[in-house]
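Structure first, commentary second.
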Amino acid sequence: MRRLMVTGGAGFIGSNFVRYMLGKYPDTFILVYDKLTYAGRMENLEDVAEAFAGRYTFVQGDICNMAAVDSAVQTYAIDTIVNFAAETHVDRSLMEPGSFIQTDVYGTFVLLEAAKKFNLERYHQISTDEVYGQVLTGRSTEKDQLEPRSPYAASKTSGDLMVLAYWESWKLPVTITRGSNNVGPYQYPEKVVPLFATNAIDNQALPVYGDGLQMRDYQYVLDHCEGIDMVLHRGALGQIYNVGTGEEMTNIEMTKLVLATLGKPESLIKHVEDRAGHDRRYALDVSKLRALGWESRHSCAQAVEKTVRWYAENEHWWRPIKSGALYKEYYAQQYGKRLSE
Ligand code: NAD
Ligand code: DAU
């Protein structure tokens, strides 16, 4: 496994994964194949292009474009696809579900077809704990029933089912990881931790949905990358592995931690209208991945604190995003009415 095509590699987790893999494996070549939606940014890979020249290249393309995908796989003699490419934000999936179905379902099918056609050594799907739906008690194991509730979660679930169908039908060498909420450098400031950190830095309100007692497992992005790496090297074909810290915190605890890390007052907290169909709690059982020898290095609290510090130190990365017209339009649509009520 030496010539990877990392789809969605210009996004948050993908760019962290590319940097991590090229740094760890000197014999690995990576092609990042990315459409560059609002969430995909060349800046996320600037240092990678410099540090790993010769072992890294970039192609702008859509995973739904079969001819372009086939051509990239052949041109760069790819042996492994790791698919991060997706529409990823739950709130946007409530505004406009079509692109989620297109990329997260049809795009996955296109990549699986390429993996099958060109006899690739591995197809790895990056999935999410949201496929299990909300888990009010206990923890989700990989064998649990899938009960997705948002258009995003339903699209990701459909992608997973397609991956498993290619394993069952043709023994295509697939693996799947299902991660909990990631935090860390280069996360687009629509997701809650970077949104709250950057709002707090600017003394703007932090819009907490509903009572803020929903629970999430915030894991540090590089712990997730190590888990994916572990599954690529030691995971069994046709298998699914959960990746997370195995602990959770409430949104209000996370919010107070963001504020405390920045030395900002809790008066910035504003409870606003809840997200439609808001999943109350996700919680993963990660014992299957631990049994391969992997362990998360950061607790939820450490992951959130470290992330907030990165945003405080890297304003040059997020200020241009937040001051752009696209972002402002999204923010007004998503929060305008909520924050004025
Ligand atoms: P992101 O939104 O930051 O990045 C997504 C990337 O995919 C972007 O670079 C975008 O340009 C690219 N992309 C989107 N549509 C594409 C298309 N049609 N063709 C090619 N490229 C396309 O996402 P992220 O948070 O880094 O998530 C990456 C993957 O991890 C996703 O599959 C997501 O479902 C999964 N995941 C995310 C989290 C999380 O907390 N962020 C947790 C678990 C799983
Ligand atoms: O669980 C994994 C998933 O985590 C990934 O599959 C998704 O791609 C990723 O977006 C994330 O989904 P969430 O919906 O959990 O993440 P988000 O950052 O949008 O929200 C986290 C929690 O914070 C959730 O309970 C909703 C709440 N929230 C979010 C926003 C954006 C707020 O209270 N206010 C906000 O403004």
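With everything on Cα atoms, drop me the angle between helix 325-340 and the longest principal axis of the chain, reported from 0 to 90° to the nearest 10.
Between the helix axis and the principal axis of the chain, the angle is about 40 degrees.
Let me spell out the model: positive unit charges on the Cβ of Lys and Arg, negative unit charges on the Cβ of Asp and Glu, origin at the Cα centre of the range 144-186. What dipole size does that give, in debye rounded to 20?
In total the dipole reaches around 100 debye.
For a quick protection proxy, order the peptides 260-273, 73-86 by their average other-Cβ count within 10 Å, most packed first.
Going from most to least packed, we get 73-86, 260-273.
Could you work out the pair-distance distribution P(r) of the range 224-341 from its alpha-carbon pairs, with 10 angstrom bin width and percents rounded to whole numbers?
Pairs per bin, as whole percents: 10, 26, 35, 22, 7, 0.
Under a straight-distance cross-link criterion of Cα-Cα below 14 Å, which aspartates and glutamates are reachable from Lys171, leaving out those fewer than 8 residues away in the same chain?
Straight-line reach from Lys171, under 14 Å: Glu113, Glu121.
Would you mind telling me which residue in Ser169, Ser150, Ser296 has the biggest mean-square fluctuation in a Gaussian network model of the chain, where springs connect alpha carbons within a distance under 10 angstrom?
Taking springs between Cα atoms under 10 Å, the residue moving most is Ser169.
Going by alpha carbons, how many degrees (0 to 90, nearest 10) lie between the helix axis of 221-234 and the longest principal axis of the chain?
With rounding to tens, the tilt is 20 degrees.
Taking a ≥ b ≥ c as the square roots of the Cα gyration tensor eigenvalues, with a/c under 1.5 meaning rounded and otherwise prolate when a/b beats b/c, else oblate, which class fits the range 267-310? Before the final figure, lay out each step's value.
Working: a/c = 4.66, a/b = 1.52, b/c = 3.06.
The shape class here is oblate.
Under a 5 Å amide H to amide H cut-off, with H placed in plane at 1.01 Å, what residues pair with Gln239 once short-range neighbours are removed?
Ile176
Phe118: net charge of surrounding residues, Cβ under 14 Å, Lys/Arg +1, Asp/Glu -1, itself excluded?
Charge balance in the 14 Å sphere: 0.
If I model a spin label at Arg2 and Ala205 as a point 7 Å from the Cα along the Cα→Cβ vector, what separation in nanometres do I get?
Between Arg2 and Ala205, the label points sit 5.7 nm apart.
FRET efficiency for Leu136 and Leu326, Cβ-Cβ distance as r, R0 = 51 Å, nearest 0.05?
It comes out at approximately 0.90.
Considering only DSSP beta bridges whose two residues both sit in the chain, what percent are antiparallel, to the nearest 5?
Values: 2 of 40 bridges.
Here the antiparallel bridges make up roughly 5 percent for the chain.
Tell me the label-point distance for the pair Ala49, Leu36, using the 7 Å Cα-to-Cβ offset, in nm and rounded to one decimal.
For Ala49 paired with Leu36, the spin-label model returns 0.8 nm.
List every residue whose amide H lies under 5 Å from the amide H of Met215, counting only residues 5 or more places away in sequence or on a different chain, with H placed 1.01 Å from N in the peptide plane.
Arg281, Tyr282
So for each of 18-25, 238-245, 138-145, 223-230 I average, over its residues, the number of other beta carbons within 10 Å; can you give me the resulting order with the highest mean first?
Values: 18-25: 18.2, 238-245: 23.9, 138-145: 14.2, 223-230: 22.4.
The packing order, highest mean first, is 238-245, 223-230, 18-25, 138-145.
Run the quick spin-label model on Phe118 and Asp274: label points 7 Å from Cα toward the beta carbon, then report their separation in nm to one decimal.
4.6 nm
Just from its helices, what would the mean residue ellipticity at 222 nm be for the chain, if runs of 4 or more DSSP H residues each count -39500 (n - 2.57) and the sum is divided by every residue, rounded to the nearest 500 deg cm²/dmol?
That comes out to -12500 deg cm²/dmol.
What full-extension length gain, to one decimal in nm, is calculated for Leu339 and Glu313 as 0.36 nm per residue of separation minus the Cα-Cα distance?
Result for the pair: 6.6 nm of gain on full extension.
In whole Å, how far is the Cα centre of the range 180-235 from that of the range 1-71?
Going from one Cα centre to the other spans 21 Å.
FYI, it's all coordinate maths here, none of it is from the lab. None of the values given here were measured: they were computed from a predicted structure. Positions of Cβ are backbone-derived with ideal geometry, glycine not excepted, and every protein chain shown enters the neighbour counts.
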